[in-house]
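The values are calculated or read from the model by the stated rules, or taken from the named source; none is laboratory data. Not measured: the values here are computed from a predicted model. All Cβ positions, glycine included, derive from the backbone under ideal geometry; neighbour counts span all protein chains shown.
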Amino acid sequence: MTNTLLDFLIVSIALLAIGIYGISVKRNAIRMLFAIEMIVNAANLNLVAFGRFLPTSHGQTFALFSIAIAAAEVAVGLALIIVAYRMYKNVDIAEFRSLKG
Amino acid sequence: MADAVFLGLAIITIGSAIGALEVRSLIYGSISLMGTLGGIAGFFLLLDSPFVAMFQIAVYIGSIAVLILFTVMLVRRELIFIKIEDKRRRYAGVGLMLALMLGLGAIIISSGVKSITTDAPPVDFRKIGEDFLTYYWPALVLMGLILASSVIGALTLARREDITNDQHTS
């Protein structure tokens with residue numbers, strides 16, 4: 001294997017940073033969900049990379065759990081976005097006024 | 001040192017991640033997100049874990065990306081093609097992104113992982129199944145319950161109660 005662990009970690013850091021940029025700048029709820037997906041994928045890549053280089057099978061097992069939980073999270077998140085869209089006719093999170101504390 | 005396949009996959013993944021957030025249309029954005037998820041699946045193949053890569057393609061590209069596409073289609077058309085973002089926060093966000101990349105990158109490069117490479121044989125995927133059914137079986141059961149309850153929760157949330165179902169009367 002010619003790739004070192006550092007290469008995978010750098011890709012993972014870049015993906016994490018782009019995801020945090022998306023969460024902090026975008027106000028579109030669907031785009032924020034995209035950014036959350038990117039962060040979850042960066043975490044999965046880290047898990048599998050460390051599991052490969054140790055080597056152990058637990059990294060892949062945890063990545064599989066994480067993928068399944070992320071699927072559930074996206075289903076609930078999209079349902080929440082649809083409910084909010086039906087109430088406010090908008091996907092801009094700054095318009096969801098009554099959610100303010 | 002990284003090889004050509006790795007570099008190509010990295011360019012696809014990072015480029016389409018930026019595209020998913022910055023392309024004007026949400027539909028192209030979600031198709032670009034598919035590129036990111038597929039690139040991550042490619043990295044899993046490079047890491048000798050074909051089982052996780054297959055799971056990633058089946059779950060992320062096969063269901064999550066399609067679910068996001070359908071949700072985007074339910075949204076009004078004017079909302080798909082406008083970019084909603086805080087203008088003031090934009091530069092702060094780019095600065096935060098660069099600071100995170102440089103800071104975390106410096107930490108990792110200065111730590112000891114720089115030259116780690118491996119010649120160990122890849123883990124057999126039968127070992128993963130064995131882990132799932134022996135050591136991790138409570139977590140597996142819990143994961144099934146969480147998935148079922150989240151699907152029920154999503155259906156309950158998205159249900160409309162203001163429409164009465166009178167199909168059987170007419």
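The set of residues in segment B:138-168 that are more than 7 Å from chain A (Cβ to nearest Cβ) and at pLDDT 80 or above comprises B:138, B:140, B:141, B:142, B:144, B:145, B:148, B:149, B:152, B:155, B:156, B:159. From the list A:78, A:9, A:64, the lone residue that is crowded, with 19+ Cβ neighbours inside 10 Å, within 23 Å of residue B:4 (Cα to Cα) and not polar (S, T, N, Q) is A:9.
Among the numbered conditions (1) surrounded by 17 or more Cβ atoms within 10 Å (Cβ to Cβ); (2) part of a loop (DSSP other than H, G, I, E, B), the only one that residue B:40 does not meet is (2).
Scanning segment B:7-33 for residues that are surrounded by fewer than 20 Cβ atoms within 10 Å (Cβ to Cβ), more than 7 Å from every other protein chain (Cβ to nearest Cβ), assigned to a helix (DSSP H, G or I) and among the hydrophobic types (A, V, I, L, M, F, W, C) yields B:7, B:11, B:12, B:27, B:31.
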